[in-house]
Amino acid sequence: ATWNGVGANVHFLPLQSTAIAHQATDSTNVITLATNTADLSVVGIALALTTSSYYTNGGPGVAGNIIDSDILINPAYTFSTDGSGSGSTAAFLSGNTTYDLQAVLTHELGHALGAGHSGVLGATMFWASAISQRFPSTDDLTFVKSLYPLPGTAAAFGTIGGTITISGGPVSYGL
């Protein structure tokens, strides 16, 4: 529901119980506990992990379209569903190692939508904020609204052109 209400062309159905297991390309998006050895080895020490499959240029669909995204939750951690979970360093050092399941799933569903990790501190998609950020930040909303615009809003996007200079020369952005 968190991602459904962001003003983008994103529509997740309500969660349902299923007997379907995690499979990379079954076109069924599944959220599950990682229980078998293979899934546990992939998740490692992460709270959760999203695995996604995409069409390639040689596939039957449009290249880049998501075929399947499954979320594996690490059963080694304790999760809460009432917002009381914390994951800050201070909480961890004090022995509070309960994590907010909504915050973790909001982050992982961002990956299911195609978002990578953000460099913006406080963004849902910041690499370490899956432990406390329950709702998408402005950075996250910009991503999802630009990738999944509502019908009729695509014309509202534009481009910026020009050259950035320092002391009369162009800025180098290569590393």
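Remarks
- Amide H contacts of TYR54: ILE67, each under 5 Å away and 5 or more positions distant or on a separate chain (H built 1.01 Å from N in the peptide plane; Pro and chain starts excluded).
- Amide H contacts under 5 Å for ALA48: ASN74, restricted to partners 5 or more places along the chain or on a different chain, H placed in the peptide plane at 1.01 Å from N.
- Taking amide H positions as modeled 1.01 Å from N, with prolines and chain starts lacking one, the residues under 5 Å from ILE31 and 5 or more places away or on another chain are ILE71.
- Once the Cβ-Cβ distance of SER84 and THR153 is raised to the sixth power relative to R0 = 45 Å, the FRET efficiency obtained is 0.75.
- The phi-based Karplus calculation (6.51 cos²θ - 1.76 cosθ + 1.60; θ = phi - 60°) puts the 3J(HN,Hα) values of segment 107-118 at 5, 5, 5, x, 5, 4, 7, x, 7, x, 6, 8 Hz, whole numbers, x for Gly and Pro.
- Segment ASN36-PHE12, length gained on full extension (0.36 nm per residue, minus Cα span): 6.0 nm
Readers should treat all values here as calculations from the given coordinates under stated rules, not as data from a laboratory. Computed from a predicted structure; not experimentally measured. Quick reminder, even Gly has a Cβ in these numbers, built from the backbone with ideal geometry, and neighbours come from all protein chains shown.
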